Each structure stands twice: as structure tokens, then as C-alpha cells.
1. So how do A:LYS265, B:LYS159, A:LYS120 line up by other beta-carbon neighbours within 10 Å, fewest first?
2. Would you tell me which residue of chain A has the beta carbon closest to the rotation axis bringing chain A onto chain B, and how many whole Å away it is?
3. Can you say what percent of the DSSP beta bridges in the protein assembly as shown, counting only those with both residues inside, are antiparallel? Round to 5.
4. What per residue convex hull volume, in Å³, comes out for the stretch B:64-190 when only alpha-carbon positions are used?
5. Tell me the GluC sites (Glu not before Pro) within the stretch B:87-152 that lie in a loop according to DSSP and have at most 14 other beta-carbon atoms within 10 Å.
6. Could you pull out every one of the aspartates and glutamates with an alpha carbon less than 20 Å from that of A:LYS265, ignoring same-chain neighbours closer than 8 positions?
7. Pick out, from A:HIS371, A:GLY282, A:SER232, the residue whose Cα sits farthest towards the positive end of the charge dipole of the stretch A:113-385, with +1 on the Cβ of Lys and Arg and -1 on the Cβ of Asp and Glu.
8. Residues of A:88-94, mean number of Cβ from any other protein chain within 10 Å of their own Cβ, rounded to a whole number?
Number of protein chains: 2
Amino acid sequence: MRFAVTYLVESDAASIEARAKGIAVEQSVEMPLEAVTDERVLADIVGEVEAIQDQGHGRFAVRIALASATVGTDAGQFMNMLFGNTSLQEDVILHDVAVPETLREAFGGPRHGIPELRRKLHLHERAFAGSALKPQGLTPGDLALLAERFARGGLDFVKDDHGLADQHYSRFADRIRAVTAGIAQGVRATGHPTRYIPSLTGNLDQLRAQAALAREEGIDCVMVAPMVSGVSSVQALVAEFPDLAFFAHPSLGGLRISPDLLIGKLFPLIGADAVIFPSFGGRFGYSPETCRRLALHARCGLTGQEVAGHVGSGYTGPGHAGSGPTGSGPRPALPVPAGGMTLARTGEILDFYGPDTMLLIGGNLLLAREHIATEAEAFVRAVADHRYT
Amino acid sequence: MRFAVTYLVESDAASIEARAKGIAVEQSVEMPLEAVTDERVLADIVGEVEAIQDQGHGRFAVRIALASATVGTDAGQFMNMLFGNTSLQEDVILHDVAVPETLREAFGGPRHGIPELRRKLHLHERAFAGSALKPQGLTPGDLALLAERFARGGLDFVKDDHGLADQHYSRFADRIRAVTAGIAQGVRATGHPTRYIPSLTGNLDQLRAQAALAREEGIDCVMVAPMVSGVSSVQALVAEFPDLAFFAHPSLGGLRISPDLLIGKLFPLIGADAVIFPSFGGRFGYSPETCRRLALHARCGLTGQEVAGHVGSGYTGPGHAGSGPTGSGPRPALPVPAGGMTLARTGEILDFYGPDTMLLIGGNLLLAREHIATEAEAFVRAVADHRYT
């Protein structure tokens, strides 16, 4: 059993065959083939170059078949075999992986995904609207007040800023209790089931303790940063807390891995129900094309149902991925474009991503300062009233 | 309390001030400063640009002071605050960190380091010689045979290839029992206390179970890949197994973080006693200058005792870092250049790195096939007999 991995390699045409073979060896047996004496290893384990495609400008797409047996069922080992040593080569990008069915089953993918998030929020048509609790340095009481304002504005999700951890000025336990209470106040006022998404940090024991504490508080959505916490720990957490929906944060994701692969495919693969990523046109440099692919992968990457005309080419009406009935397999993950979004861009962003999306406006909402609830309300209205062009 | 972080930023001169401020905000409060209402947050938490230095060719070194309070004592949160979101910016490299005393104490650094590794191996002068068990795909019995040959050759360390995990064809428990027995055979023949370094993988529970199993087998050195397992999990493991010496593997280390920082400083900071890295002149692209700095940092980064003339400028005799008496603080970590080393390069590598080094020759030794023990012996002799120029 093998699976195909595609790397983009900068090389001259004369060297690319040797480079490709070098990567195939590096990501499998990592030794001179002349020194491999076991015939079974040569036949079944050594990576095989399947195709080399010249993309012009000194760049080649190299497709290599790796053995599934070397991966097993651990997400860390999966990353290790995909890109462990080759990540140290500055002229190679991990571009794509054709995840085989056995590995999909082993990792499990999103347990909740778009359908369950829609059900929780009682939203069956429009996109989701969320914001973030910040700045870093505020007390739990201050954050709770902010959360209450967001909830009074009717936001769907209020997430922790990814910098919030278990700091002495804002202990995790104190924060989630205070924020949960703040949001409950808002929910009582609006009747809308706004969800709080606390950020879980630390090692697996700490992640686990925080997830349990969150569950005790009635929280059913949490955020993790797989590249910080380690994909193996996130994998374990997802398996142990099947009732929680997991939002993946891209922190420390700046490896030379194509973002649409890392965030759009690999994070959902290990169980992310929603993936947060920096959208085009904000503070980060992802192109619209990258964002389009990332969102498509998140929604359809594991189910294989690519929904044409859904993203980036004008949304054309209902009947979209994820809001229909789903089976027992992995579910479509929710794309969460963020990173410098503004209220003014709501329409443009919705037209681009369509309604199976959560819009996340952080700092820009906070600029309203004491009028945050009103601003949040305007944001939700903009999402709800949007007519797709 | 603040600590200085240096980023290398590609920018034009007109934009660099704004870029620097942008990074300072991104790595602290991550929101528009106009929206920050809390005076204490503005004064104590928001990152401050301390210096901008034009390095020419459109590159600037930007020094930013971040608040220690945002980090706390979790290694994952440390990485998150150093480079979390900014890692997603393709034109920024995390270049250096001036780790403050409070964080050094919190993380603990190498518990064993060079002095304890020298004591274990009864080596007080020369460099260490090691090799790796591979290829991926061999059975525990095959790997044990190979390990025995290495030990019969008198190698100091025999490590698992970083691709070896807990695969169905070679279960961790079976492998370490078989390899330990194989090495014991070799040790009985030579009298030299060759050490086996198994690679620990998976989530924290699995890492912990594997470390406990290794300890039961009498193993006192293990390998971890901090960027795969997550730095927080490695931090926990180091604290729970103070009797084990930890070798850090650079797998998945290809973030835009300077290797001399990531591998030379940050891995020892969280407790690595030895750091494996791809040396110049092998399969990877690190320059001699990068390798020189990486090794210097590993040995002296935490103690602050930079030993002049030690690395890269010709070793000039004994009296080197780490083999003298040490206090109770963190100890110098052992640099382990690897990645395409050959027996023929032993002299050159030793002259470059000096004796507080472990030479790691993997695939090249395996080319000797049935003469591996003889080849390993020649390797150890080359290390032992080397006269530094």
C-alpha cells in the first residue's frame, strides 16, 4: 500500500531526476540504496518517483509514492514521513498528499464539521460570524465583559485570541468561567446560542485538563494549534473528546508546506471541524487562489465531493456542501477566513467563500470600543442579509 | 519583564518601520493599538520595537521586546509568542532570542549535556562516534543484528533512524528489547559502554510509555523530534524523566527559523542534552557558518560562556566547554553533526567542531554491508586518533 505525495522542487532540468530520487530515499529509508540488503525493503518501503512535471521557471512538481506501512496510525509519524527531513531543504515545498482510505479511517477527520456547527447555532442558510477576545494581558473579568458585548451583538462564535494561554494575569480556569458567564448574559438577552471557543494550550495532560474543564462549563467548541501542540496530541484529544468541535489555529504553520494542504487537508484529517486561516487581502500574504483551494479542501477534501462553482467564482445559491444530511464518515470542515478582516469587506468575503463559512473579525470590531455590541450586531446583520452575487 | 527577539525582514526602507511595528503587535496583542483601552496592556504587554538595522540587499534586522508574562512557563506558548502568526509571513525569519533568566529557569535546559554523556561513555578527551539503525522496514531482529555489529565496532552511540516509530513490522517494545540485547553482545566483546538511543514518537502518553519502557531496559539516552511531538510534550517528558539524556532530532524543523536558533538554542532550552543537525557539506544546505554558530550555541548558549577559538577556526587543545566540573544549572548540550557524513570526512569534521562533538555517520557506514563492525571500528579509531590541526 502506497500513497502519493507531491513536492515542488527548485532545480535545473539536468538535476531534477536525481533530486527526486533523493527525496524519495530521504522520506523513506534515508540511506544509500546500495546499502539496502533486504529485498522486501527495496520492493515495499523505499519511496518511488512516480512522475516529474516541469512547471517552468526552474520549478518541478515531483510525485513520490511512499509506503503506508511506515506511517502507521500516528499523525506525528505521518508528518515525519511526509516532510520530516526534507523540510530542512530550503528549495522544496510539500505541496500535496493523496491520503489513502486506510489513513483517513485511522485519523478519522472532522467529527462535527459544518453540519453539526450549523445545528448547534440553528443556522441553516447563512454564513457564521465570529470575533476574538483580546488583547493579551486583560483580566478574565475584562475578557468576560467583552465576550458579553459580542454575544449581545448576536455573534455566532467568540473565540479566544490564540495568544491567550494560562498566564498568571488570566488563568485558563478563571477565564473560561468568567467568559462563559459573560456570554450567557448576552445569550439571555438575544436568544441566539452564541458559542465560546476557548484556546487550549500546553502538553497533552494540560490540553486534556483544559478540555475537561471546558466541557464541565458546558462549552462544546474549542480551539487548538496543531503545529504548536503537536499533531499527535491533537489527534489524541479529538479521539478523547468526541463531543467537542475542534477549531484549528494555524500558529507556527509557516513551514514550507502549501497552506491549502496543511490547513485545508491535514488539519481536518486529524479531526479539525473548523480551520482558521489568514484570508487574502488581510495582514498575511495568501493569494485568493490559495484561499479558494484551502476552503474547497476543508469542505470537500475528505469526502471527495468537490462542489463546483462554490468558492471563488461567485456563489450561486443553496444546496451547498455540508448542510445536507451526512453519513457516519468524516464531515466537511468549516473554513474560517480571518487575519485582518473588516466589516466593510463582509460582502466581498461572503461572495468569495459562500455561506458554508465563518467570518472572523477580530481587531477591527474592537475599534468600536464601547460600541462593540452594536458593531457586532451590524456584522451579524451584514452576514445574514447578504445577497450572493 | 521583557525579552528581545530578532527577526530578519525583507522590506524596502520606506516600509520597514511599519513592518517592524506590525510584527511587534502581531506577536503580542494582535489588534489595532487604537482599540486597546487598558493602559497596563499598552505599557506592559504590547511588543516594542527596540532597534532596526539595515543589513543591505533589502533585508533588515528588527529587534522587538516581548513581555515575559505572555509566555508563562509553557514551551509551546513560548514558540507561539515568538513566531506563531508571524511564521505565516513568508518574508520574515525568526533569527534570535535573548532568553531571560526567568525563562531559562522555567524551562531548565539540558539536565545531562556534554559532561554526563562523557561520564557515561568514559570519554574525557575525544569526540563521540555514533551511527543509526536503518533502513525503515527491517524487523527488530535485523536491527538488533546491525546494532550488535556497530557495538562490536566500538561505536559510542547507536541511534534509531528518526523514521523508526511503532510500525507493525517493528513494534517499539520489540525493537528496543532486541536492540538492547544486540548491543549488550557487542559491549561484552569490547568492554566499551556503547549506548542505544531509541527514537520516541507519538503523543505525550505514548512518549511517556516508551520512555518508561526504555528505562526498564536500562536505556539512559533517548531521541525526540520536538517539532513533530510538540515542544510542550518534550518539555513534560524531560521533567518526568530526569535520568534520561535527550537527543533532539530536527525533523519538521524547516520553519523560517534560523537553524542555529531553533536547534542550537531552543531545543537545549527545553532540555535537549544533545542536538542532531545536518552538517555543512552533506545532503542539506546549512552553511559552515550556520553550523559553527549552532554548535557554539548548543554548548554555550545557556551558560553564556562562549569559548573562543573552539569551533570553526581550528581546535587548539584541551580545556574545552563541558568536560570540566559543572554546577547545578543547565549544562552544555552536545552538538551532533549528521546528514550525509562519511568516514573520509572525519578529520575535517573534527577539526571544524572540536572534541565536544558526536560524529554521526549513518548510511555511509551501512555501505560496508557485512563488514559493518570493521568499518565502525575504523570510524571510532579515526575519531580517537585524530590530531587537531
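Read-outs throughout are calculated quantities, based only on the coordinates presented, and are distinct from any laboratory measurement. Please read these numbers as outputs of a predicted model, since none were measured by experiment. No Cβ is skipped: glycine too gets one built from the backbone with ideal geometry, and neighbour counts run over all protein chains shown.
1. The fewest-first ordering by Cβ neighbours comes to A:LYS120, A:LYS265, B:LYS159.
2. Measuring from each Cβ to the axis, the minimum is at A:GLY230, 1.
3. Roughly 50 percent of the beta bridges in the protein assembly as shown run antiparallel, per DSSP.
4. In the stretch B:64-190, the Cα hull volume divided by residue count equals 185 Å³.
5. Hits after loop and neighbour filter: B:GLU90, B:GLU125.
6. A:ASP74, A:ASP96, A:GLU101, A:GLU105, A:GLU116, A:ASP273, A:GLU289, A:GLU306, A:ASP356
7. Of the listed residues, the answer is A:GLY282.
8. Average neighbour count from other chains, rounded to a whole number: 4.
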